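Comments concern the structure below.
The values are calculated or read from the model by the stated rules, or taken from the named source; none is laboratory data. None of the values given here were measured: they were computed from a predicted structure. Here the Cβ positions follow ideal geometry from the backbone for every residue, glycine too, while neighbour counts run over all protein chains shown. When the accessible area is computed, the model is the full protein with side chains, heavy atoms only, and any ligands, DNA or RNA have been set aside. Shrake-Rupley method; radii C 1.70, N 1.55, O 1.52, S 1.80 Å.
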Amino acid sequence: MNKVKGKAIKYGDNIDTDVIIPARHLNSSDPAELALHCMEDIDRDFVSKVQPGDIMAAGKNFGCGSSREHAPIAIKASGISCVIAETFARIFYRNAINIGLPIVECPEAAREITEGDAVEVDFDSGEITNVTKGKTYKSTPFPEFMKKLMASNGLMNYIKDYRPE
Amino acid sequence: MGMTMTQKILADHCGASHLRAGDLIKCRVDLVLGNDITTPVAIREYKKAGLDEVFDREKIALVPDHFTPNKDIKSAEQCKILREFAQEKGILNYFEIGEMGIEHALLPEKGLVVAGDVVIGADSHTCTYGALGAFSTGVGSTDMAAAMATGETWFKVPGATKFILTGKLSKWVSGKDVILHIIGKIRVDGALYKSMEFTGEGVRALSMDDRFSIANMAIEAGAKNGIFEVDEKTEAYITGHSRKPYRIYKADDDAQYDEAYQIDLGQIKPTVAFPHLPENTRTIDDVGDIKIDQVIIGSCTNGRLEDLRTAAEILEGRKVSKGVRCIVIPATQKIYLDAMKEGLLEIFINAGAAVSTPTCGPCLGGHMGILARGEKAVATTNRNFVGRMGHTESEVYLASPAVAAASAVTGRIVGPEELGI
Ligand code: SF4
């Protein structure tokens, strides 16, 4: 999972968890079912246009609002391989890491990506390449602690490794 | 360099003598919270990982409050997962329908959080307990699952913004107006990843219920937590509700703050946040003529006794405007009972308002007051995102209990002054 490549789907600032997955669908926690309603309140076409491996790009404060892990779960289950944003809301940020949805904070790249661009992300180097626009950006790679966490494929596996018997 | 209140609490919980903003720490927690939406996901993760006993049966609180009393079969099944897990693990603080309340009103009332605690909850408004001088913050379900097993979690130590409060609130102005005013000023990402620390002599003039409302909405400015300096009122509240030992933390004189704001409480006016972001604030004088279909008085922001008293003061001897639905939701069973004893519920019913058992209900568009296409609501809740209370073409205006009650009477968004009071 060190590199992903896909077509970009672009959104604006302050995309909140209520539009990522509306609360009326929270009486289920089944990823496949959540994916069916992902982004539906802001983009009715998302579910039909998203392809496995696509990359979501957005502006500031992505994932603001509730703590529902259903939000990154819905995005991941819909096939998105990585979310690039100018900034993330903090609970969304940790939820994404904890469930293994790759996310990258990079204001410049996020701003310049437009819908449909082919984008490549290298998680080891933190490098983002907009293939369509022929431009490369540098983001801060994850600190060791989180890389380990992501390498164990999420927090639960990580704590299994470290929890004292 | 000194530490902020938040940094000091975290340092004591991770065995560090000093912390700086940006440090990644593994930290002990005093309480782990979850509700009927987030806990089933946590339990699934917990079981999948093959974990058995919880770290401490007394330090986990499970509150089915969102879609309860169960609104449909799926919700009933989610709640059942919670109930069975609580039984199986012997979790002491599971609150069944009939004894529950909206989690963030309930936990302080039950004495489960005191000053100096570190609390995580799989709910974004867990930041409410900062009113008590605790560090508390919302996390996700996986964080919750891990913490239930280990009693620990990971944090990036936050930097902070300081709010120095002076003066005293005017009549009909409340903590809700203060926090809406602040969010309007610093925007919904104004405190992203940071602590909002509230100090200054103005804090003393704020009731505990005002402080709960303010800390509650720290997340709406993107903050990791909101925390108040502890004073006599906080201590009186804590000793009146809890037998747990508590500890008071003050920021060091040379603690580093990224920004500091001086807020004169006396200057704050009733404030309304327009759709679809809490930062779209206007004072009541600039609201204009907005007709409404529904009023919600309740939620973890404003469903406390003082909120209900304010609403009742306005609704007493008046009627909810024809064509407006006014729904009052006391946040906990205790608040419900107190409101009953004080005669507030009678006032609401005589005014033509509906009174509900404690639930999050309409706050997140769950049940008990969903909006149709094109409808507008004034709500004392905390979020007015697209579709938050129902149809994606409905609108939510966030306001204080005073503004909500006055608007119920006139059918337009107004402050109590409009009623000549
Ligand atoms: S009242 Fe609203 S904001 Fe508070 S916990 Fe319930 S759903 Fe969340």
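Figures for the structure shown
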quantity	calculated
Residues whose placed amide H lies under 5 Å from that of residue B:167, excluding near-sequence neighbours	B:202, B:265
Positive-pole candidate from B:314, B:274, B:345, dipole of segment B:219-345, charges at beta carbon	B:345
Average beta carbon contacts from partner chains per residue of A:85-93, 10 Å cutoff	5
Local electrostatic count at residue A:133 - Lys and Arg +1, Asp and Glu -1, tallied over other residues with Cβ under 9 Å	-1
Per-residue average of Cβ from other chains inside 10 Å of A:12-18	5
Max mean-square fluctuation residue, GNM over chain B, Cα-Cα springs under 10 Å, options B:47, B:269, B:250	B:47
DSSP beta bridge pairing in the protein assembly as shown, given as percent antiparallel to the nearest 5	30 percent
Global geometry of segment B:42-125, whether rounded, prolate or oblate, following the gyration tensor of its Cα atoms and the 1.5 cut on a/c	oblate
Computed log₁₀ I(q)/I(0) - Debye formula, equal Cα scatterers, no solvent, the protein assembly as shown, q 0.07, 0.12 Å⁻¹	-0.38, -1.18
Cα centroid of segment B:86-132 to Cα centroid of segment B:314-337, whole Å	25 Å
Charge dipole (debye, nearest 20) of the protein assembly as shown; +1 at Cβ of Lys and Arg, -1 at Cβ of Asp and Glu	400 debye
Rounded Å value of the spacing that divides the Cα centres of segment B:2-50 and segment B:228-271	21 Å
Neighbour cut-off at most 10 other Cβ (10 Å), DSSP loop, trypsin sites (Lys or Arg not before Pro), segment B:138-237	B:171
Whole-Hz ³J(HN,Hα) from phi, Karplus 6.51 cos²θ - 1.76 cosθ + 1.60, for segment B:336-352, glycine and proline x	4, 5, 4, 5, 5, 4, 7, x, 5, 5, 4, 4, 4, 5, 4, 7, x
Binned Cα-Cα distance frequencies in segment B:255-350 - 10 Å width, integer %	13, 34, 33, 15, 4, 0
Additional length obtainable on full extension of the chain from residue B:236 to residue B:393, 0.36 nm per residue less Cα span	52.0 nm
Long-range HN-HN contacts of residue A:88 with modeled amide H, under 5 Å	A:61, A:62
Estimated vicinal HN-Hα couplings, Hz - segment B:111-121 in sequence order (Karplus 6.51, -1.76, 1.60; Gly, Pro = x)	x, 7, 10, 9, 4, x, 6, 10, 10, 10, x
Chain A: C-alpha gyration tensor shape, a/c 1.5 cut-off, then a/b vs b/c	oblate
For the protein assembly as shown, with +1 on Lys and Arg beta carbons and -1 on Asp and Glu, the positive-most of B:215, B:333, B:241 along the dipole	B:333
Cβ neighbours within 10 Å from other chains - mean over B:386-396	3
Rh by Kirkwood over Cα pairs, then Stokes-Einstein D for segment B:348-403 at 1.567 mPa s and 4 °C, µm²/s	110 µm²/s
Highest-first arrangement of A:45-56, B:6-17, B:359-370, where packing means the average Cβ count within 10 Å	B:359-370, B:6-17, A:45-56
Per residue, the convex hull volume that the Cα atoms of segment B:181-284 enclose (Å³)	121 Å³
Charge dipole magnitude, Cβ of K and R +1, D and E -1 - chain B, Cα centre, debye nearest 20	520 debye
Highest-fluctuation residue, B:221, B:146, B:49 considered, GNM on chain B with Cα pairs under 10 Å	B:49
Between segment B:134-179 and segment A:112-127, the alpha-carbon center distance in angstrom	34 Å
Simple Cβ-charge dipole of segment B:1-131, Lys/Arg +1 and Asp/Glu -1, about Cα centre, in debye nearest 20	360 debye
Scattering curve values for chain B, log₁₀ I(q)/I(0), Debye with Cα scatterers, q = 0.07, 0.08 Å⁻¹	-0.30, -0.40
Computed over chain B: relative contact order in percent, which uses C-alpha pairs under 8 Å that are six or more apart	18 percent
Per-residue ³J(HN,Hα) for segment B:29-38, Karplus 6.51 cos²θ - 1.76 cosθ + 1.60, θ = phi - 60°, Hz, x for Gly and Pro	10, 8, 7, 10, 10, x, 10, 6, 8, 8
Choice from B:36, B:209, B:252 with maximal GNM fluctuation in chain B (Cα, 10 Å cutoff)	B:252
Surface share of carbon and sulfur [accessible, 1.4 angstrom probe, percent] for segment B:216-360	47 percent
Cα shape, segment A:37-115, gyration tensor, a/c 1.5 rule	rounded
For chain A: relative contact order, % (alpha-carbon pairs under 8 angstrom, 6 or more apart)	23 percent
Charge dipole of chain B about the Cα centre (unit charges at C-beta), most positive-ward option of B:290, B:15, B:167	B:290
Cut-off 10 Å between beta-carbons: net charge of the residues surrounding residue A:96, Lys and Arg +1, Asp and Glu -1	+1
Charge sum, other residues only, whose C-beta stays under 12 Å from residue B:1's C-beta, Lys/Arg counted +1 and Asp/Glu -1	-2
Other-chain or far-sequence residues with amide H under 5 Å of residue B:376's (modelled H)	B:293, B:294, B:395
Kyte-Doolittle mean at least -0.5 and Cα axial length at least 15 Å: DSSP H helices in chain A	none
Normalised contact order of segment B:1-105, rounded percent, pairs of Cα under 8 Å and 6 or more residues apart	26 percent
